[in-house]
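**Student:** Structure in structure tokens, see below.
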Amino acid sequence: VFGLIILLAGVAELIRAYQDHGTGNRGWHLFAGLVDLLLGLILVSHLAASMIVLRIIVGFYFLFKGITVLTYRRSAISTWWMVLGGLIILLFVILIWFNPVFGTVSVLMFTSLAFIVTGVLNVMLGLRIKSRQSSTLS
């Protein structure tokens with residue numbers, strides 16, 4: 001399921017890179033989409049291996065997403081929530097990677113929370129960018 005979600009996130013990021021003509025983040029979206037696509041393909045195609053390295057792959061995924069959120073803060077009008085969200089995602093990475101007692105249930109719980117935080121931040125960013133674009137068109 002994680003592999004499928006990450007794979008679909010990669011496709012969405014590549015579509016965003018294709019449609020994003022006006023900003024300087026086009027290359028970053030393309031890179032993010034390719035990384036998501038690669039991680040998703042690895043998780044979907046190698047089920048046995050992905051069970052062993054799931055914690056590492058999910059940690060790298062959210063490390064990349066946390067850094068991405070921190071770099072996208074330049075596109076937002078108010079950046080404090082982007083910084084806070086990026087730091088929360090990076091905190092999830094630390095928990096996923098370095099807590100030796102972290103079981104499968106904990107990985108699922110914190111990963112789902114990180115997905116929720118990432119999704120909410122992406123929606124908020126999209127709404128901010130949309131409102132900024134519609135105000136410049138007026």
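Read-outs: derived from the displayed coordinates by stated rules, not from any lab. Keep in mind that this is a model prediction, so the values were computed, not measured. Reconstructed Cβ throughout: ideal geometry from the backbone, glycine too, with neighbour counts over all protein chains shown.
**Student:** I'd like the Karplus ³J(HN,Hα) series for region 127-132: coefficients 6.51, -1.76, 1.60, θ = phi - 60°, whole numbers in Hz, and an x wherever there's a Gly or Pro.
**Tutor:** So the Karplus estimates, Gly and Pro as x, are 5, 5, 5, 5, 5, 5 Hz.
**Student:** Something else: If R₀ is 30 angstrom, what is the calculated FRET efficiency for the pair VAL44 and TRP97, using the beta carbon separation as r and rounding to 0.05?
**Tutor:** Details: r = 22 Å, r/R0 = 0.74.
With a Förster radius of 30 Å, E is 0.85.
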